[in-house]
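The values are calculated or read from the model by the stated rules, or taken from the named source; none is laboratory data. Predicted, not measured: the structure shown is a model, and the values here were computed from it. All Cβ positions, glycine included, derive from the backbone under ideal geometry; neighbour counts span all protein chains shown. Side chains are part of the model used for accessible areas, which takes the heavy atoms of the whole protein and leaves out ligands, DNA and RNA. Shrake-Rupley method; radii C 1.70, N 1.55, O 1.52, S 1.80 Å.
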Amino acid sequence: MIELFHQIFTPANVIFMLKGLQMTVLIAILATIISMIFGTVFALIRTYASGKWKWAGVMVAIYTEFFRCTPNLLWILWIYFTVKGNKVGVSVFAISLFTSAVMAEIIRGGLNSIPKGQFESAQSQGFGFIKTLWYIILPQTYKKVIPALLSQVITIIKDTSFLKMVDVAEFMRNSSVVLGSIYDVRGMMMLFAFEALCYFTICFALSTVVRRYQKTIVTG
């Protein structure tokens with residue numbers, strides 16, 4: 001077993017797989033940032049668009065419901081075969097397209113939990129609509145939805161494994177390359193355990209942050 005372990009986890013193999021893990025984290029970070037930005041915009045439009053802008057709220061509602069009710073992998077494959085460009089950029093775009101809809105619903109839930117009286121109080125102090133959102137509503141909203149947002153980030157990290165299907169050099173794809181040189185079932189199990197351990201370490205760390213934050217809210 002020890003000899004088999006050393007055959008699999010050579011310095012070259014480990015470095016190769018960790019480079020894939022680095023790519024996984026990079027894609028997850030970029031997709032999270034983009035999804036947060038667009039998710040916030042979509043949530044604001046769906047929550048507050050009215051009058052002549054009501055159509056925008058309807059369009060956002062259609063977008064969020066459509067993407068939330070279809071598989072992420074489907075969109076990764078569709079974008080990969082229809083959009084030309086850098087594989088990493090296209091991958092970030094594909095994941096963000098789906099995740100923005102999820103983020104929008106999380107943030108919209110936070111917006112709806114803010115009492116309407118906050119706007120009246122802000123207006124009485126001379127705040128306009130945009131300043132009220134920026135300085136009062138959004139900070140409270142993000143504070144309320146941080147646990148849900150971090151949980152979605154964990155999902156994004158795991159969903160990057162779908163990119164193996166389109167040959168992006170992320171963790172699962174690089175690990176699969178190493179797997180191709182293993183012909184012993186025990187060796188395969190070792191490699192699978194290594195993959196699980198890497199994902200678990202990152203996701204469990206984020207889960208711990210979520211739990212501690214939730215305890216802080218309860219005790220605070």
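Return the residue satisfying two criteria in turn: it lies in region 14-24 and is open to solvent by 40 Å² or more (accessible area, probe 1.4 Å) and in contact (Cβ under 8 Å) with a residue 40 or more places away in the chain, and of such residues it is farthest from Arg108 (Cα to Cα). Top of the filtered list is Phe16.
Rundown of residues vs (1) open to solvent by 50 Å² or more (accessible area, probe 1.4 Å); (2) over 17 Å from Ile156 (Cα atoms); (3) not small (Gly, Ala, Ser), yes/no style:
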{"residue": "Thr10", "(1), (2), (3)": "no, yes, yes"}
{"residue": "Leu26", "(1), (2), (3)": "yes, no, yes"}
{"residue": "Phe38", "(1), (2), (3)": "yes, no, yes"}
{"residue": "Ala43", "(1), (2), (3)": "no, yes, no"}
{"residue": "Glu65", "(1), (2), (3)": "yes, yes, yes"}
{"residue": "Ile76", "(1), (2), (3)": "no, no, yes"}
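All conditions in (1) aliphatic (A, V, I, L, M); (2) open to solvent by less than 90 Å² (accessible area, probe 1.4 Å); (3) at pLDDT below 90 hold for Ala104, with the sole exception of (3). Assess whether Phe162 counts as being under 23 Å from Ile76 (Cα atoms), aromatic (Phe, Trp, Tyr), in contact (Cβ under 8 Å) with a residue 12 or more places away in the chain and out of contact with any Lys or Arg (no Cβ under 9 Å at 6 or more places or on another chain). Criteria met by Phe162.
Going through (1) β-branched (Val, Ile, Thr); (2) in contact with a helix residue (DSSP H, G or I) (Cβ under 7 Å, 6 or more places away or on another chain); (3) closer than 25 Å to Trp78 by Cβ; (4) assigned to a helix (DSSP H, G or I) one by one, Val168 falls short only on (4).
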